[in-house]
Amino acid sequence: MKFNWGHGILIFIILFLMLSVAFIIFALNQPQDLVSEDYYNQGADYTKQMEVNNRSDLYRDSINIDLMDKDVQVKLCKSLASSADSIKIYFYRPSDKEADIRMKCLMSEPISIPSSKMQHGRYVVKMSWTHRGELFNVDKDLTIE
């Protein structure tokens, strides 16, 4: 049997289909973490979130996140720490839901988190607090190297 162009096309189609199936199987085995579990409700309430972000812009520079040798320190200016009822801090890892860290605290002094609890890479530090019944929210980027 001779090899002709019909055999070549058939071999090409078979290889293409095999690679396509392998890619589909690979893609289905990858983790698919959503940004949040209730993303639809958050999208519907986006106008409220924009108002909270505009209200919180004044405090963006009042919050410092420092990466020390062995830990991550979150510091607030004294006026913000004394006015906030309680602060929720959420270290959000976009690429891995299992590496997220949540904590609720009173900010009378700086908070230290051991960097050994955190993976190398990018985190978004989301801080939210209430003051006189109004919600405030500040997001900052942090990269652990």
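Nothing in this text is a laboratory measurement; each read-out follows from the coordinates by a stated rule. Treat the numbers as computed from the prediction; the structure is a model and nothing was measured. All Cβ positions, even for glycine, are placed from backbone atoms using ideal geometry, and neighbour counts span all protein chains on display.
Placing +1 on the Cβ of every Lys and Arg and -1 on the Cβ of every Asp and Glu, with nothing else charged, gives the chain a dipole about its Cα centre of roughly 160 debye. Over the chain, DSSP H runs of length four or greater, each weighted -39,500 (n - 2.57), average out per residue to a 222 nm ellipticity of -10000 deg cm²/dmol. Computed from Cα atoms, the angle from the helix 5-28 axis to the main principal axis of the chain rounds to 20 degrees. The packing ranking of peptides 74-82, 40-48, highest mean first, is 74-82, 40-48, where packing means the average number of other beta carbon atoms within 10 angstrom of each residue.
For the chain, the longest principal axis of the Cα atoms and the long axis of helix 46-56 meet at an angle of about 40 degrees.
The candidate values were (i) 1.65; (ii) 0.93; (iii) 1.10; the one computed from these coordinates for Cα Rg over 2.2 N^0.38 Å carries the label (i). Among the GluC sites (Glu not before Pro) in the stretch 29-103, those located in a DSSP loop and surrounded by at most 13 other Cβ atoms within 10 Å of their own Cβ are Glu37. Straight-line cross-link partners of Lys140 among the lysines, defined as a Cα under 16 Å from its Cα and at least 8 positions apart when in the same chain: Lys75, Lys88, Lys126. As I understand it, the dipole of the chain uses +1 on the Cβ of Lys and Arg and -1 on the Cβ of Asp and Glu, about the Cα centre. Which of Leu80, Tyr123, Ser20 lies farthest toward its positive end? After comparing all options, I get Ser20.
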